[in-house]
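Note sheet for the following structure.
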């Protein structure tokens, strides 16, 4: 399995108990979708290693207590602190204005007048306000992801149409590293 064909599910944060169980902290808005996992891929030394799940239970609302099938103590130790992935094919299809962040990379952002606001290069979800990072005329533009601002997500033509406040693009135009 290649990492490009997977999405980040979460991270194994620590051991739980003495029986070799681990805690998987999920990085998702819908943890309930993952209560019947059969297997996961753990990134160890740059490779995705399959781990098969014997049983799991909720530790917290966003963390699973997992017991692996036939895994050694050494393998469990290697999994600690590592990212966990699942194949993209396991994600439910979204429609309408809903989207997964990974699927809109490369989409154009258009304002309500169909003006180009750049191509989505990345998405920052590590701050209180998630935002698109686009490139417009060689400049980096930061556009907050606000559900009420999104009019349309067109997967066929690869664009997101948004209602952006007047002047927003100018305010969030970030000088590129070349300009500094």
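Specify whether the C-alpha gyration tensor of the range 101-174 places it in the rounded, prolate or oblate class, a ≥ b ≥ c being the square roots of the eigenvalues: rounded for a/c under 1.5, otherwise prolate if a/b is larger than b/c and oblate if not. Since a/c stays below 1.5, the shape of the range 101-174 is classed as rounded. If the Kirkwood radius is taken over C-alpha pairs of the chain, then at 4 °C and 1.567 mPa s the Stokes-Einstein diffusion coefficient equals 70 µm²/s. Only helices enter the 222 nm calculation for the chain: every DSSP H run of n ≥ 4 contributes -39,500 (n - 2.57), and dividing by all residues gives -1500 deg cm²/dmol, rounded to 500. In terms of Cα atoms, the Rg and Dmax of the range 3-90 work out to 11.8, 34 Å.
Cα centroids of the range 43-62 and the range 1-16: 7 Å apart.
Only Cα pairs under 8 Å and 6+ residues apart enter the sum, and on that basis the relative contact order of the chain stands at 17 percent. Can you tell me what share of the DSSP beta bridges in the chain is antiparallel? A percent to the nearest 5 is fine. Among the beta bridges of the chain, antiparallel pairing accounts for roughly 90 percent.
Anyone know which of 20, 118, 46 comes out most mobile in the 10 Å Cα GNM of the chain? Result for the chain, Cα springs under 10 Å: 46 fluctuates most.
No value in this document is a laboratory result; all are computed from the given coordinates. None of these values were measured; they are calculated from a predicted model.
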